[in-house]
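> First the structure, which I've put down as structure tokens, then a few questions once you've had a look.
The values are calculated or read from the model by the stated rules, or taken from the named source; none is laboratory data. These figures come from a predicted structure and were not determined experimentally. Cβ placement follows ideal geometry from the backbone for every residue including glycine, while neighbour counts extend to all protein chains displayed.
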């Protein structure tokens, strides 16, 4: 596991609440400080509120990376990717998580709570954290992601 990671922000809507709570326990057991950005119950809630909170935590360097969870993972992933400087990746298995780090240097991973179980989610997190960004040919591609007014 990446020994540089000391703090992880995690946020989820109502659909991801139970998975978030289980993952918090898992991460704490590994000695990682978890910054919970909500939701704090399984009462219906809007995923953008928690996606923005996780993205801001990463951008403000409150956390080393973020985990965002909603039912499909799509909505919350779209939300985090609206933030300049965030590279969010929807991860549903270990390979997508590894590649998110190795090729895209993702700083937020989004999980689909309705489509993966707790054990799969733990394996995804471990795969992401054990991977290293490869740089090289991938860096020029990452530099093309954020649009400036001149590129639009």
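> Taking region 33-72, which residues are within 14 Å of residue 109 (Cα to Cα) and either assigned to a strand (DSSP E or B) or modelled with pLDDT under 95 (or both)?
Matches in region 33-72: 65, 66, 67, 68, 69, 70.
Listed here are the residues, each with its yes/no results for (1) closer than 25 Å to residue 142 by Cα; (2) touching a helix residue (DSSP H, G or I) at 6+ places or on another chain (Cβ under 6 Å); (3) crowded, with 24+ Cβ neighbours inside 10 Å.
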| residue | (1), (2), (3) |
| --- | --- |
| 15 | no, no, no |
| 36 | no, no, no |
| 49 | no, no, no |
| 62 | yes, no, no |
| 67 | yes, no, yes |
| 83 | yes, yes, no |
| 92 | yes, no, no |
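> With the checklist (1) out of contact with any strand residue (DSSP E or B) (no Cβ under 9 Å at 6 or more places or on another chain); (2) farther than 14 Å from residue 10 by Cβ; (3) in contact (Cβ under 8 Å) with a residue 40 or more places away in the chain in hand, flag the one item residue 122 doesn't pass.
So residue 122 meets the others, but not (2).
> Please enumerate the residues belonging to region 123-141 that are crowded, with 17+ Cβ neighbours inside 10 Å and either part of a strand (DSSP E or B) or in contact with a helix residue (DSSP H, G or I) (Cβ under 6 Å, 6 or more places away or on another chain) (or both).
The answer is 124, 127, 128, 131.
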